[in-house]
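The values are calculated or read from the model by the stated rules, or taken from the named source; none is laboratory data. Bear in mind that the values here come from a model prediction, so they are computed numbers and not experimental data. Glycine gets a Cβ as well: all are built from the backbone with ideal geometry, and neighbour counts include every protein chain shown.
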C-alpha cells in the first residue's frame, strides 16, 4: 500500500486573547522583578560592582524574553531563520514616509512624557514606592538630572569610553532587541488579530503595566512612550519603528550624560 506524502501546513499567527496576553505580560514582569530586585542586590552584596550587577541582572531578564520568543515561535511551527525574523517578527525595512512617522511619534511621546515627570516624582516620594538605592540614579525621578555625569553606578566616567561601549551593547542588543522581539515582534501581531485597530492601545497599556513591578513610580510617566511605541509598530507594520522610538527614548536620557561625563576632565 503506497503512502501519499503531503506538505505540512504553513505556520500561522494565532490570535492572543486579552487574558492570555495579561498572563504573558505578567510572567515577563515577574522574571524582570526577580532579576532586578533579587539578583541585582545579591550580586552587589557579594562584592560585584554596581555597574556589572546592573548589566548582568538586566541582561539575564532580557535574554529570558528572547528565549521566550524563540520557544514560542518553535511551538507555533515557525522556522528559526531570517525569514521568520523579518516577516513573523516584522523586522522588515520601512519606507521613507514610515521613518518620518516614526520620528514624529517619538517626538510626541517624548514631549508628553516630559510633562508627566512631576507624577513620577510624586509617586516616588510615597514610602511604599520609593526607588531602591541599588538602582542607577537615571531611573530615580527624585535624583536631580544633569547633562554631565561624573560617576555612573560607582564608575568614574572621565576618559572611560569602555563604559559607553558596554552600555551601548547592552542597550542596543539586550534592552531594545530583547523587548522588541518579544513584545512587538511576537505578541503584538497575535494581539492585532484579536483586537484589530485598537491593538496599540491595549498593548501599550499592558506594556506600561509590565514596567510597574520594577518602576511603580512610572505609572503615568511611561504611558505616552508605551502608546507611541506600540502605535509605531502597528501603523508601520515594522518592529524597527518601535525599536527606534523605544531606543531614542531610552538612549537620549543616558548616552548624552554618559558621553559628556567621559569627555570631562
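Residue 131 fulfils the conditions (1) more than 21 Å from the chain's Cα centre (by Cα); (2) surrounded by 12 or more Cβ atoms within 10 Å (Cβ to Cβ); (3) in a loop (DSSP other than H, G, I, E, B) except for a single criterion, (1). The residues in region 37-52 that are in contact with a helix residue (DSSP H, G or I) (Cβ under 6 Å, 6 or more places away or on another chain) and either outside any helix (DSSP H, G or I) or closer than 19 Å to residue 213 by Cα (or both) can be counted, and the count is 2. Within region 198-248, the set of residues being outside any helix (DSSP H, G or I) and either touching a strand residue (DSSP E or B) at 6+ places or on another chain (Cβ under 7 Å) or under 14 Å from residue 90 (Cβ atoms) (or both) comprises 237, 238.
Just to be sure, is residue 143 modelled with pLDDT under 95 and in a helix (DSSP H, G or I)? So residue 143 does not fit the description; no. Could you tell me whether region 223-235 includes any residue that is farther than 23 Å from residue 98 by Cβ and buried (at least 19 other Cβ atoms within 10 Å of the Cβ)? Taking every residue of region 223-235 in turn, at least one turns out to be farther than 23 Å from residue 98 by Cβ and buried (at least 19 other Cβ atoms within 10 Å of the Cβ). Annotation: of all residues in region 95-128 being in a loop (DSSP other than H, G, I, E, B) and at pLDDT 95 or above, the one that is surrounded by the fewest Cβ atoms within 10 Å (Cβ to Cβ) is 126.
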